[in-house]
Amino acid sequence: MSGPIPSELANLSKLKSLNLSSNELSGTVPNQLGNLSSIWSELNLSNNLLSGRIPTELGSLSRLNSLNLSSNELSGTVPNQLGNLSSIWSELDLSNNLLSGRIPTELGSLSRLKSLNLSGNELNGPIPHQLGSLSNVNSLNLSENQLSGSLPAELGNLFKLEALDLSDNQLDGPIPTELGNLASLENLDLSSNGLYGRIPPELANLSNLKRIDLVKNRLVGPVPLELFNLSNLKSLNIDEDELKHNFRNALKQLEETVQTLSPPSSPIPTMEQSSPPSSFHPSKDQSPSSSSSTSDNDQSSPRMSGCLLWLALLVLLGSLCVMALNAQ
């Protein structure tokens, strides 16, 4: 089906649902669709060739459950009036258009909304802290825009959130520790921004987390070792420099720990040593006398400490390498 959407559709006073998705409809979205006061299930005009602005009149569809205008060529700003869609609960999807300007703070009033997708546009300005009031949202996707400023700490109030994608923007500042409150979160993507500071160890509180992507930021310091305890984590994507820093830091911590626990006379190998101490191998010219047996017993503790340290180092390196491979 091609051509413009007939404005006469607004005369269907008992219409409950309108789905015209995946066609070749062109032209603008008729303002008259805002008069469909009886529509309550969905208004889906996605995957067409529609252009022009989103009519402010769509904010009058107070009974609407779902609005999908994605994958068109719609331009202009996101109407503030969409914040009046008090009954909308399934989704508000305006992704993959040419929308510009700021995200309206009024969208924070959609307390029943489960999915908000504004990705793939040209939206700019900060992320409104009012979005932290979307208490029922389980998916928030604002990726591939030109959003700037810091991440609102209020996003940590979205306790039902399962997927948060803010990638490919111009966001800066630290990662808020409040994100560690998102107990239901499974996917976190903050990649390709300008975030700086350390990765907060509070992210290790996200026991349901399956995927985390933090690459292409300006994060510094080690990766919190607590993240490696997340049993559901399947993908950890971090910058190479951060991973190298974590290797060095973990090895140093292990060396210091073993040094503290070993006897004072134990020859503890350091990170720079490339092979175990030669005393690990018994001398060939030793005779099996009682004196040599006593000497061997006296040296067994240092030998065992060195052996255990090298074994621990190998196990740790193997575990970290597996983590690194899985993160790719």
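The values are calculated or read from the model by the stated rules, or taken from the named source; none is laboratory data. Because the structure is a prediction, the values reported are computed rather than measured. Heads up, the Cβs are rebuilt from the backbone with ideal geometry, glycines too, and the neighbour counts pull from every protein chain shown.
Would you check if Leu123 is without any contact (Cβ under 8 Å) to a residue 60 or more places away in the chain and in contact with a helix residue (DSSP H, G or I) (Cβ under 9 Å, 6 or more places away or on another chain)?
Answer is no for this residue.
Collect the residues in the stretch 152-188 that are farther than 17 Å from Leu123 by Cβ and charged (D, E, K, R), keeping them in residue-number order.
Selection gives Glu154, Lys160, Glu162, Glu178, Glu186.
May I ask you to say which residue of Ser70, Ser51, Ser95, Ser75 is closer than 14 Å to Val29 by Cβ, touching a strand residue (DSSP E or B) at 6+ places or on another chain (Cβ under 9 Å) and assigned to a loop (DSSP other than H, G, I, E, B)?
Ser70
Out of Trp40, Trp89, which single residue is over 32 Å from the mean Cα position of the chain (by Cα), closer than 20 Å to Asn136 by Cβ and either in contact (Cβ under 8 Å) with a residue 40 or more places away in the chain or exposed (fewer than 15 other Cβ atoms within 10 Å of the Cβ) (or both)?
Trp40
Evaluate the following for Ser115: is it of a type in the set (S, T, N, Q) and under 21 Å from Phe159 (Cβ atoms)?
yes
Need the failing condition index for Arg63 against (1) within 25 Å of Pro30 (Cβ to Cβ); (2) under 20 Å from the mean Cα position of the chain (by Cα); (3) of a type in the set (Lys, Arg), just the number.
It fails just one condition, (2).
Filter the strands (runs of 3 or more DSSP E) completely within the stretch 100-208 down to those with at least 1 residues that are modelled with pLDDT of 95 or more, buried (at least 17 other Cβ atoms within 10 Å of the Cβ) and under 12 Å from the mean Cα position of the chain (by Cα).
139-141, 163-165, 187-189
Can you find even one residue in the stretch 64-83 that is surrounded by fewer than 16 Cβ atoms within 10 Å (Cβ to Cβ), under 17 Å from Leu116 (Cα atoms) and without any contact (Cβ under 8 Å) to a residue 40 or more places away in the chain?
yes
Suppose we keep only residues that are part of a loop (DSSP other than H, G, I, E, B) and out of contact with any Gly (no Cβ under 7 Å at 6 or more places or on another chain) within the stretch 209-219. Which one would you say is farthest from Leu236 (Cα to Cα)?
Lys216
Would you mind telling me which numbered condition in (1) in contact with a helix residue (DSSP H, G or I) (Cβ under 9 Å, 6 or more places away or on another chain); (2) under 29 Å from Phe159 (Cβ atoms); (3) of a type outside the set (Ser, Thr, Tyr); (4) buried (at least 20 other Cβ atoms within 10 Å of the Cβ) Leu33 fails?
Of (1) in contact with a helix residue (DSSP H, G or I) (Cβ under 9 Å, 6 or more places away or on another chain); (2) under 29 Å from Phe159 (Cβ atoms); (3) of a type outside the set (Ser, Thr, Tyr); (4) buried (at least 20 other Cβ atoms within 10 Å of the Cβ), only one is false for Leu33: (2).
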